[in-house]
Amino acid sequence: MLEKLSQMLTRKERQSNNENTVRDREALPAHIAVIMDGNGRWAKQRSLPRIAGHRAGMKTVKEIVKAADEIGIKILTLYAFSTENWKRPRDEVDFLMKLPQEFISTELDELIERNVCIRMVGSKEELPSFTRDALEKAERKTLNNTGLKLNFALNYGGRNEIVRAISEISQRVKEGGLEPEEITESLIAQHLYTREFPDPDLLIRTSGEIRLSNFMLWQMAYTELWFTDVLWPDFSKEDFYQAIADYQGRARRYGSV
Ligand code: FPP
């Protein structure tokens, strides 16, 4: 009973966060990265199969994309499938591979209306052709859009990304087009999937896990981290605005004083 009351209060407190929670519209994080965790536990709590959690998670994706666009976030990167997620049961992997296609077929028109530009970050080669085709179509159709940049990290692994960058750079050195002294942080950044984007200012991870899980390891050197116990399917735009408001209260020093 007490626990229920406390849950209700927490929900009420969460719902009291609205766009006004984000006081300073000038100091928004330009790039927000999200580890969308807790779909499986959300489903388990309801005695549903794990894929029901992912379906509910997709609904949250739609809400948060809208919330980000409405408040004026420039870049939103969502971790939808890691290089390690292939180890999941076959039916779950199959389902997760179908979600981008479903999302794009139902949402693309509205996203185009919102001037959203879609990109995939990660290794496309191993994806089933229907997933790759759907993403490439979305990338093509939104290429010139100048609004929110919405990145799906799919078949993405931070270490894999760094290995690929080192391998490409070594090849350039070997071929004589680059001197080892020319290898700088900015050169490495130019060889990452995220080469077009600034590093994330804020990372949000749901479901109470407090780790990076191989997400944007290079890019998050100075990212502000924000964790919540809320499971991704329950994550609301009020929670999203709360994360942004907390970020705005932080002092970013980048190693300085
Ligand atoms: C982690 O939760 C979640 C994933 C690996 C998949 C995330 C995918 C979505 C939210 C839908 C993506 C939608 C689009 C449009 C691409 P988990 O399954 O590990 O949860 P658990 O830790 O509770 O088991």
- Note to self, the chain gives a 222 nm [θ] from helices alone (DSSP H runs n ≥ 4, -39500 (n - 2.57) apiece, / all residues, nearest 500) of -14500 deg cm²/dmol
- Query: What residues have an amide H closer than 5 Å to that of Lys149, excluding those fewer than 5 places away on the same chain, when H is modeled at 1.01 Å from N in the peptide plane?
  - Reply: Ile75, Leu76, Cys117
- Query: How would Thr83, Thr142 line up by accessible area, probe 1.4 Å, largest first?
  - Reply: Thr83, Thr142
- Please give the length that would be gained between Arg195 and Thr146 if that part of the chain were fully extended, namely 0.36 nm times their separation in residues minus their C-alpha to C-alpha distance (nm, one decimal). 15.9 nm
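What are the GluC sites (Glu not before Pro) within the range 198-257 that DSSP puts in a loop, where the Cβ has at most 16 other Cβ atoms within 10 Å?
Glu209
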- Starting at the first residue of the range 58-74, write each ³J(HN,Hα) from the Karplus equation 6.51 cos²θ - 1.76 cosθ + 1.60 with θ = phi - 60°, in whole Hz, x for Gly and Pro. 5, 4, 5, 4, 4, 4, 6, 4, 4, 4, 5, 5, 5, 8, x, 5, 8
- Query: So how many Lys-Lys pairs in the range 62-217 land under 21 Å Cα to Cα, not counting same-chain pairs under 8 apart?
  - Reply: 21
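Quick one: putting +1 on the C-beta of Lys and Arg, -1 on the C-beta of Asp and Glu, what dipole do you get for the chain around its Cα centre, in Debye to the nearest 20?
The calculated dipole for the chain is roughly 700 debye.
The values are calculated or read from the model by the stated rules, or taken from the named source; none is laboratory data. From a predicted model like this one, the values you see are computed outputs, not experimental measurements. Heads up, the Cβs are rebuilt from the backbone with ideal geometry, glycines too, and the neighbour counts pull from every protein chain shown. Ligands, DNA and RNA are stripped out before the accessible areas are found, and what is left, the full protein with its side chains, is counted by its heavy atoms. Shrake-Rupley method; radii C 1.70, N 1.55, O 1.52, S 1.80 Å.
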